[in-house]
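For reference, the structure discussed in these notes is given below.
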Amino acid sequence: MWKTGAEIVWEMLRREGVEVVFGIPGGGIMHTYHPRQEYGIHHVLVRHEQSAAHAADGYARASGRVGVAIATSGPGATNLVTGIATAMMDSSPIVCITGQVGTSVLGTDAFQETDITGITLPITKHNYLVTDVADLAATIHDAFEIARSGRPGPVLIDLPGDVQRATTEFVPPEGRSTYVRRALPTADEEAIRRAAALIDRSHRPVILAGRGVLLSGAVEELATFANRTNTPVAVTLLGKGAFSPDHPLYLGMMGMHGHAVANHAIQNADLLIALGMRFDDRVTGVPSEYAPQARKIHIDIDASELNKRIPVDVAIHADLRPTLAQIIDRVGSTSHEPWFSETQTWRTQASTHDVLRESPNGVLPTPHVIHEIFSATGGDAVVVTDVGQAQMWTAQHYTTQCARPFLSSGGLGTMGFGLPAAIGAQFARPEDEVWVVVGDGGFQMSLHELSTLVQEDLPVRIAVINNSALGMVRQWQTLFYDGRHEATDLMNPDFTRIAEAYGIPAYRATTLDSARAAIAEAHGHDGPVLVEFEVAREGDPSHVYPMVPSGAALDAMIHSSPTAAGSSVGRPA
Amino acid sequence: MNRTLVASVADRPGVLNRVASMFRRRAFNIESLTVGHTEREGISRMTIVVDSRQTNAEKVAQHLERLVDVLHVEDITNRPAILHDLALVKVQIQDKVARSEILRIADSFQAKLVDMCPQTAIVEITGSEATIDTVVEALRAHGILEMVRTGRVAMARGETNRGTGALAPVGEQMSSAEQGGS
């Protein structure tokens, strides 16, 4: 059967099971858009291409399937870049299809020409410039395979205009791909034996669970392993949901704004068992003082992550799920006492410092807001965050249930990620309640997508945490830059009126009572809805604690402003 | 100490760019890199030499293997291997004495005289880095006008290891080549 390049795109997307794509048309990709309707794939018209990539990413994270973004050549393609880099850092499988000028004028600086394969080389898992329509079907097939296999990541396909228009005999590429799937790496017996021996000999072990646990489908194995060895579990930001938060072994989130118990346990451990995580600098603090007494076992599907920042004793390059199952068979059942009891004591002690116990005192602390959202949704919502203080508070206080999605830009820390990612997540899980928590800064990097919400009638609940500042940077300025608030105070519009202008009902909360009422309204509402929470810009309630200052050891956490505590904190190196 | 990596890569446009871009981004310092065709159609071979005092060769190999177009990487540093470089050296011919002296140097190191003009000669040397360095030193007295070196190419002796777990192009042509296992 003869098809045009444009038809092959949709035919292949349909064969890949794609139901929805996110994009914006333009001169360089119009030909591809033209036959879409005949293929029954829904197109979501976002308002900026960056949102197309973030929405595809959010879709991928919430569904476990490949998300798709489409953009035109030149500025359309370059606008995808931040979204692609975000997906790359967090191992999210997306396929981006961009229009390109015709092959006859490639390289001549033609109108809206840009070298997008060159630009995205270091931020894609792989990319293609297709110059012959005969290669197109196999290329799309491979792109999906590469995006979702092994350590997932973004793949870009650049399609010149004449390739979109050219016709060729369409042959389904199944089974005759240019590539065979790179076999998933497996652990060798010796490594398993050494890991099991270290685990059996340890007295104070801690499991570090990252996003790899979720990507490998190893949630059950992790629970079995932790239970069998009675080993406490700390999670990374993107590992939230890898372990049940109600389990006595759960320590919470590790790292810069992690739970004190988790960081304390890591620093006192004699063995770290790192599963599908990458010892990011936000997770370890200064490497030389990280978990100084601990031997380390690291299992990751990406060999380049092993011994990258933190040297380990046993490095296992393997797919996590089968590897963990192998280790479970080799380790003995232990209680790890008195270590387990010690961590329980820390938990009890930490809960007395819980910020949620403090009375709001007339202001509206963000942790209380997040906790109210948690209570209203029973912890069952799909939670998406933007980046900054509101992200960290949400990570700390929205207790993500086991295997439930928590979507956040971890590696790249992309402001503007939240709202478009929530759009993608809502498409991935139409039956679920999706909440996005954004700061006033990040919201203004994405609020044009309110239009998309309305046009698609998506019931995304938007919580705008408004402190009239770029709060995280401002917090650092307060703590480490002599309190000079350079370029971080924002003069904002009335966000409720902005929402109303888009036809989105909106509420404003300034006290805990009004916050509770507004959250209940939003929870019960069927359709897009926004709540603006006016929170403090000054003083301790405006800071995220605990905090490990950049360049400090993980247990050098601060729990309140140094001025209040009478100590001083040096400027980070 | 130098470490030598041999990488099989798909012979596609932009592969060298992908590899070079990765080296730049990861701040890997490369002593030499050569690329050329192999016995298998569609597959090129890169020989990459890194100074392990500056750059972690294991990390280089791991990051190479992340690239989709890289099919297989092997560190052959500790394997018995042939490591050869090729150099072309253009030297000045001052007089007849110099001319016979240049011929003698070429002869004693099994270098070839590939061009001879009244005023200049081009000597081609193939061999280990040390051999080439020695010849170049010997020729230097005559005045080296131009020199080019290819960088190291390497091949392990004995058994061939192609890494069956690696991503490999398939299709009839490739699978028969794989089975042939030359």
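The values are calculated or read from the model by the stated rules, or taken from the named source; none is laboratory data. On a predicted model such as this, the values are computed, not experimentally measured, just so you know. Backbone-built Cβ (ideal geometry, glycine too); neighbour counts: all protein chains shown.
Observations on the structure shown:
- Selection from segment A:134-153 of residues that are assigned to a helix (DSSP H, G or I) and of a type outside the set (Gly, Ala, Ser): A:Asp135, A:Leu136, A:Thr139, A:Ile140, A:His141, A:Asp142, A:Phe144, A:Glu145, A:Ile146, A:Arg148
- Listed by first and then second residue, the pairs linking a residue in segment A:84-95 that is touching a residue at least 40 places away in the same chain (Cβ under 8 Å) to a residue that is surrounded by fewer than 24 Cβ atoms within 10 Å (Cβ to Cβ) and among the acidic types (Asp, Glu), with Cβ atoms under 9 Å apart and 6 or more places separating them unless they lie on different chains, are A:Ser91/A:Asp302; A:Val95/A:Glu16.
- On inspection, A:Asp57 passes the criterion of being of a type in the set (Asp, Glu), within 30 Å of A:Met277 (Cα to Cα) and more than 14 Å from chain B (Cβ to nearest Cβ).
- Within segment B:20-68, the set of residues being within 12 Å of another protein chain (Cβ to nearest Cβ), assigned to a loop (DSSP other than H, G, I, E, B) and either of a type in the set (Gly, Ala, Ser) or touching a Lys or Arg at 6+ places or on another chain (Cβ under 6 Å) (or both) comprises B:Gly42, B:Leu67.
- Some residue of segment B:103-110 being more than 11 Å from chain A (Cβ to nearest Cβ), surrounded by 15 or more Cβ atoms within 10 Å (Cβ to Cβ), in contact (Cβ under 8 Å) with a residue 60 or more places away in the chain and outside any helix (DSSP H, G or I): no
- Residue under evaluation A:Val314, criteria (1) within 14 Å of chain B (Cβ to nearest Cβ); (2) out of contact with any Ser or Thr (no Cβ under 6 Å at 6 or more places or on another chain); (3) in contact (Cβ under 8 Å) with a residue 60 or more places away in the chain; (4) not polar (S, T, N, Q), criterion not met: (1)
- Among the candidates A:Arg484, A:Arg474, residue that is over 21 Å from A:Ile423 (Cα atoms), basic (Lys, Arg) and part of a helix (DSSP H, G or I): A:Arg474
- Set A:Ala226, A:Ala234, A:Ala195: member being assigned by TED's automatic domain parsing to the domain that holds A:Asp329, assigned to a helix (DSSP H, G or I) and without any contact (Cβ under 8 Å) to a residue 60 or more places away in the chain: A:Ala226
- The residue list B:His72, B:His84 contains one member that is part of a strand (DSSP E or B), within 11 Å of another protein chain (Cβ to nearest Cβ) and either in contact with a Leu (Cβ under 9 Å, 6 or more places away or on another chain) or under 25 Å from B:Arg157 (Cβ atoms) (or both), which is B:His72.
- Scanning segment A:82-129 for residues being under 24 Å from the mean Cα position of the chain (by Cα), in a strand (DSSP E or B) and within 11 Å of chain B (Cβ to nearest Cβ) gives a total of 2.
- Qualifying residue in segment A:363-374 (condition: part of a loop (DSSP other than H, G, I, E, B) and within 14 Å of chain B (Cβ to nearest Cβ)): no
Yes/no per residue for (1) under 29 Å from A:Asp354 (Cβ atoms); (2) more than 25 Å from the chain's Cα centre (by Cα); (3) aliphatic (A, V, I, L, M):
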position	(1), (2), (3)
A:Ala469	yes, no, yes
A:Arg474	yes, no, no
A:Phe480	yes, yes, no
A:Asp494	no, yes, no
A:Ala501	no, yes, yes
A:Arg508	yes, yes, no
A:Ala536	yes, yes, yes
A:Ser542	yes, no, no
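For (1) out of contact with any Pro (no Cβ under 8 Å at 6 or more places or on another chain); (2) polar (S, T, N, Q); (3) over 30 Å from A:Gly442 (Cβ atoms), each residue gets a yes or a no:
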site	(1), (2), (3)
A:Ala56	yes, no, no
A:Arg61	no, no, no
A:Ser73	yes, yes, no
A:Thr103	no, yes, yes
A:Ala138	no, no, yes
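- Scope segment A:273-310; condition of a type in the set (Asp, Glu) and more than 15 Å from A:Leu215 (Cβ to Cβ); matching residues: A:Asp280, A:Asp281, A:Glu289
- Qualifying position, being outside any strand (DSSP E or B), of a type outside the set (Phe, Trp, Tyr) and either touching a His at 6+ places or on another chain (Cβ under 8 Å) or away from chain A (no Cβ under 13 Å) (or both), among B:Asn78, B:Asn17: B:Asn78
- Lone qualifier among A:Thr352, A:Thr334, A:Thr377 - being of a type in the set (Ser, Thr, Tyr) and under 30 Å from A:Gln426 (Cα atoms): A:Thr377
- Being over 23 Å from A:Val383 (Cβ atoms) and among the basic types (Lys, Arg) is true of A:Arg15.
- Filtered residues of segment B:1-16 (kept if over 16 Å from the mean Cα position of the chain (by Cα) and either at pLDDT 95 or above or among the hydrophobic types (A, V, I, L, M, F, W, C) (or both)): B:Met1, B:Ala10, B:Val15
- Tally of residues being within 14 Å of another protein chain (Cβ to nearest Cβ) and part of a loop (DSSP other than H, G, I, E, B) across segment A:248-307: 5
- Strands (runs of 3 or more DSSP E) enclosed by segment B:113-163 - at least 1 residues per element that are surrounded by fewer than 12 Cβ atoms within 10 Å (Cβ to Cβ): B:144-149
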